[in-house]
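Contents: one structure, followed by commentary.
Every number in this text was worked out from the coordinates using simple rules, so none of it is lab data. Treat the numbers as computed from the prediction; the structure is a model and nothing was measured. Virtual Cβ from ideal backbone geometry, glycine too; neighbours counted across all protein chains shown.
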Amino acid sequence: MGQRTKDRGITYSPSGNGLLVIILGLPVLAGVAGTILPAFGYLPALGGLHPTTAHLAELAGQPHILRSVLVALAAGLITTFAALAIVGTFIAGFAGMPVFARVHHLVSPLLAVPHAAAAFALAFLIAPSGLLLRLISPELTGFTRPPDWLLPNDPFALSMIAGLVTKEVPFLFLVTLAALPQIPLRRAGQMTAALGYGRVSGFLISLWPTLYSQIRLPVFAVLVYSVSVVDVAMILGPQLPATLPVRIAHWAADHDLKMRFLASAGALLQLFVVFAAIGIWLALERIGKFGLTFMTLAGTRLRKDQLLRATSGLAMAGCAVIIFSGLGALFIWSVAGLWPFPKALPGAITAKIWLRVLPQITEPLLTTVGLALSASALALVIAVSLLHRDGRGGNGATYKLLYLPLIVPEISFVFGLQILAISIGFTPAFSSVLAVHLLFVLPYVLLSLSAPWRELDPRFERIAAGLGKSPLRVLLTIRLPLLFRACLTALTVGFSVSVSLYLPTVLVGAGRLSTVTTEAVALSAGGDRRVIGVYALVQAALPFLAFLVASLGPQLLFRSRRAMRM
């Protein structure tokens with residue numbers, strides 16, 4: 001029998017949770033196995049009956065494969081370091097100040113923008129015929145035609161890094177905000193200020209180690225995602241050669257089924273690249289710890305840190321400005337008539353593109369919404385069940401299995417799931433794609449809900465339990481109504497994650513299930529900018545609408561109960 005835990009006057013039995021968590025975590029491990037076996041030639045469905053290293057040798061012989069690996073690795077490390085440095089410096093320099101709240105309100109909506117939509121937004125700004133160059137040409141540049149610049153898709157992946165940083169900064173910022181109440185921010189700031197430290201250096205030596213330990217898992221999630229990203233790399237990344245994850249996706253989509261072996265070898269290599277990235281990051285952590293210790297012992301106070309603080313503030317605000325400006329450029333292109341370079345604005349505004357595209361986008365839109373609503377609702381039910389039965393807010397060691405999709409590159413296990421599905425003759429369908437979406441949505445829903453779940457005042461439940469109410473009734477009539485806003489927010493986070501999923505939908509759906517995201521990324525290879533603008537705006541609008549509902553829902557439902565609207 002599993003150990004029973006008594007908390008807040010209610011008895012919990014976590015043994016059933018362990019079994020459920022293991023069942024939900026097994027597909028990731030099975031997917032990794034489904035990648036490793038074909039990489040060594042074993043895939044009976046395609047005639048691979050004997051282990052061999054020929055496919056690994058074939059992978060090693062691919063043109064510029066080392067460059068593809070190194071670009072992906074460097075892009076992931078630089079993105080993670082830059083995003084963490086911007087967020088950490090900004091919080092160190094401005095936490096508790098009025099500007100902090102203003103930037104918070106400016107940056108928070110960016111979390112709702114899918115990665116692909118943000119990538120398109122940046123591409124429409126920085127392209128040779130993009131909005132930025134149009135606004136300053138020909139008066140400042142002298143250009144009367146688009147210059148021959150390799151932007152986006154530059155060979156050093158700088159535009160891809162910029163796109164990833166603008167999206168990961170809001171994510172790390174909001175994750176860090178959730179951890180801030182657990183550290184003595186004001187008391188430590190007063191103490192270090194009295195000792196003559198600047199705001200940034202004082203924060204670093206007194207609070208940063210504790211804060212970083214609390215956000216370490218999200219940081220590794222950003223690192224793994226950035227190293228193995230596919231959709232953003234297709235839109236903004238280098239093309240000749242492409243990054244390793246993009247090349248794997250192309251091999252997996254090849255009409256020649258034998259390319260599945262090469263794709264599996266590439267997915268296995270991608271897994272080792274992620275391990276290498278994590279190893280390098282762990283080494284950087286040790287170097288950072290040594291540097292922080294040296295700075296503390298040396299008494300480095302960095303009193304004049306105004307420039308550093310201002311830079312971090314501009315970087316935070318710049319992420320919001322870039323994405324919102326890019327979304328504006330997407331909208332202008334979606335309604336533009338004739339718009340020759342270098343005119344700053346189109347000569348005519350028309351709704352023809354919208355009217356032509358809307359009938360085509362209806363089916364992918366319904367599929368997207370259906371998948372997102374189903375996956376997020378199922379994830380919320382599972383998360384509530386796990387948290388209720390466990391009673392510890394999702395902090396048990398067993399729960400680490402649920403976070404595997406965050407730290408295992410999706411190309412390395414989703415491709416394995418596709419191989420396994422082919423092997424057992426499983427037909428791609430809505431249900432199979434939904435199951436894979438659930439694997440990615442559940443960790444985010446659980447992370448979003450666990451903190452509010454732990455922080456709820458336990459006295460309400462103790463009173464109800466003292467009156468003889470059953471645990472289920474206490475859950476339904478006390479806890480869930482009090483956590484209605486948190487549940488709605490978690491549901492919205494899950495919805496947004498599902499909307500943005502590209503690779504799982506393409507691989508597991510085998511091209512038979514189209515979503516707004518898959519269609520938008522497919523158009524990036526050379527589609528009409530006006531059509532891309534429509535698809536990217538629709539994709540970005542879905543999470544915004546979901547967050548709007550999550551914000552207004554409690555206000556309307558509990559309009560006569562002031563405390564319940566908070």
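Projecting label points 7 angstrom from Cα along Cα→Cβ for Leu49 and Leu66 puts them 3.9 nm apart.
Projecting the Cα atoms of Gly163, Ala116, Val71 onto the charge dipole of the range 63-171, computed from C-beta unit charges around the Cα centre, puts Ala116 farthest toward the positive end. Rounded to 0.05, the FRET efficiency of the Tyr42 and Ala276 pair, given R0 = 22 Å and the Cβ-Cβ distance, is 0.30.
With contacts taken as Cα pairs under 8 Å and at least 6 residues apart, the chain reaches a relative contact order of 24 percent.
From a point 7 Å beyond the Cα of Arg301 in the direction of its Cβ, which residues of the range 181-210 have a backbone N at a distance under 16 Å? Once the point is set 7 Å along Cα→Cβ of Arg301, 189-206 turn out to lie under 16 Å by backbone N, inside the range 181-210.
Here the relative contact order of the range 359-496, from alpha carbon pairs under 8 Å that lie six or more residues apart, stands at 42 percent. Spin-label pair Ile22-Leu257: with each label point 7 Å from Cα along the Cα-Cβ axis, the two points sit 3.5 nm from one another. Excluding same-chain neighbours fewer than eight residues apart, the lysines reachable from Lys352 by a Cα-Cα span under 28 Å are Lys343. Hydrophobic, long helices, defined as DSSP H runs whose alpha-carbon span along the helix axis is 30 Å or greater and whose mean Kyte-Doolittle value is at least 0.5, occur in the chain at 15-39, 65-94, 158-179, 259-298, 306-334, 352-390, 430-455, 529-557. Using the Cβ-Cβ distance between Met97 and Ala429 with R0 set to 41 Å, the FRET efficiency from 1/(1 + (r/R0)^6) comes to roughly 0.20.
When the charge dipole of the range 407-548 is built from unit charges on Cβ atoms (+1 for Lys and Arg, -1 for Asp and Glu) and taken about the Cα centre, the candidate among Val516, Leu545, Leu483 whose Cα reaches farthest toward its positive end is Leu483. Placing unit charges on the Cβ atoms of the charged side chains and taking the dipole of the chain about its Cα centre, the candidate lying farthest along the positive direction among His55, Pro138, Ser470 is Ser470. Here Glu139, Glu410, Glu58, Glu461 are placed in order of increasing Cβ neighbour count within 10 Å, fewest first, which gives Glu139, Glu58, Glu461, Glu410.
Rounded to the nearest 20 debye, the dipole magnitude of the range 70-180 is 180 debye, with +1 charges on Lys and Arg beta carbons, -1 on Asp and Glu beta carbons, and the Cα centre as origin.
Classify the chain: rounded, prolate or oblate, from the alpha-carbon gyration tensor (a ≥ b ≥ c, eigenvalue square roots; a/c under 1.5 rounded; otherwise prolate if a/b is larger than b/c)? Cα axes put the chain in the rounded bin.
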